[in-house]
Amino acid sequence: MYLFRLAMASLANRRFTALLTAFAIALSVCLLLAVERVRTEARASFASTISGTDLIVGARSGSVNLLLYSVFRIGNATNNIRWDSFEHFASNPKVKWAIPISLGDSHRGYRVMGTTDAYFQHYQYGHQQSLQLAVGRAFASDPFEVVLGAEVADTLHYKLGDQLVLAHGVAAISLVKHDDKPFTVVGILKRTGTPVDRTLHISLGGMEAIHIDWHNGVPARGDGRISADQARNMDLTPQAITAFMLGLNSKISTFALQREINEFRGEPMLAILPGVALQELWSLMGTAEKALFVVSLFVVLTGLIGMLTAILTSLNERRREMAILRSVGARPWHIATLLVLEAFALALTGVLAGLGLLYLGIALAQGYVQSNYGLYLPLSWPSQYEWTLLGGILIAALLMGSVPAWRAYRQSLADGLSIRL
């Protein structure tokens, strides 16, 4: 215990250097833990984007591409699916529920998705959590009603009863708008931390209505225009959709139905298992994820090397201090232990300060990160893996502290009292 008190007194005597060293370690520890938290939560958030859906079906392309545009609203489909093909599989005895999806339009940079009320009833995310409305209701019989994701409503400051105009295409700035058929906000979904938050949901009838007077991607002119009131009285059954999601009565029949869809002779289609496609997509980003973690490890190593450099640099200045300790009865292993304790104290202070910086940063940035990036960073105790990382840092500090300790151990009393010119 007296050696520990002596080590603390020695560090206090060199407090400016000691504080700078501990602060450097704290920053590196904070960065390492922050990267690990973001990696863990990003993986969990990514994996929980969609839950409870057995199959996603789209035009034949790649599984990752189908997952990106149907779930993440990124990119576009290579082709559409005929409505009668959707009805064929929606009525299959193996299918419990089916959610059609129609994409193609946007509003101020946010994607618009046409669907049915089955989407609000059966779509799940996270641990089989269903979508819930924060205010309002789902769209009903009127085709010109829209339900907003939480981020869309917050960012664009929409509330119930507001009217908005959809733009043709998915560009952030579009010159072609469906301004003759405005939509009314009737509901706002609770935040989910998934792409649902960044989506405007309209009915399939609404998607059909805004394009009913379009021909070959160009709106009609003059007498060819159809007003919103006229569209309400027309048959708005879609001819084609982008994709659809299926929930089955039995998980056992998943592969059989997948094979049936992939071999469907009516048109080329692809059915994927969301979980498998999510793992495939995440594996594509695995290299960058590991690289980021390795960089943060090297930052911690740099902080520890800085601590080692500070202790080694101070050894020559402390030769007389060591000699005096030896002269009053301290043994060489006392001197070595003293330096190891100093290194451990600096590392422990840095680890504790790094944890404090981490939790302070999470407390300040939690709301911003969740609203802008869909990542929820909890103010929770370090996980077992994080404790292992912190323990590894302390062990590395002890090993590095043994280098100056070994040098001090080898110094003799005569060397400490001699004067070097």
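Miscellaneous remarks
- Residue that is at pLDDT 90 or above, surrounded by fewer than 16 Cβ atoms within 10 Å (Cβ to Cβ) and closer than 23 Å to Tyr119 by Cα, where the choices are Ser250, Ser203: Ser250
- Evaluating Gly286 against the criteria (1) crowded, with 16+ Cβ neighbours inside 10 Å; (2) at pLDDT below 70 leaves one unmet condition, (1).
- Residue ranges of helices (runs of 4 or more DSSP H) in the stretch 1-108 with at least 1 members in the same structural domain as Arg259 (by TED's automatic domain parsing) and modelled with pLDDT of 85 or more: 63-71, 83-90
- Filter result for Ser227 (farther than 30 Å from Asp154 by Cα, at pLDDT 85 or above and either among the hydroxyl-bearing types (Ser, Thr, Tyr) or assigned by TED's automatic domain parsing to the domain that holds Arg60 (or both)): no
- Unique residue being on the phi < 0 side of the Ramachandran plot and crowded, with 17+ Cβ neighbours inside 10 Å when the list is Ala153, Ala134: Ala153
- From the options Leu341, Leu358, Leu398, Leu413, residue that is over 30 Å from Ala150 (Cβ atoms), surrounded by 14 or more Cβ atoms within 10 Å (Cβ to Cβ) and at pLDDT 80 or above: Leu398
The values are calculated or read from the model by the stated rules, or taken from the named source; none is laboratory data. Bear in mind that the values here come from a model prediction, so they are computed numbers and not experimental data. Glycine also receives a Cβ, built like all others from the backbone with ideal geometry; neighbour counts cover every protein chain displayed.
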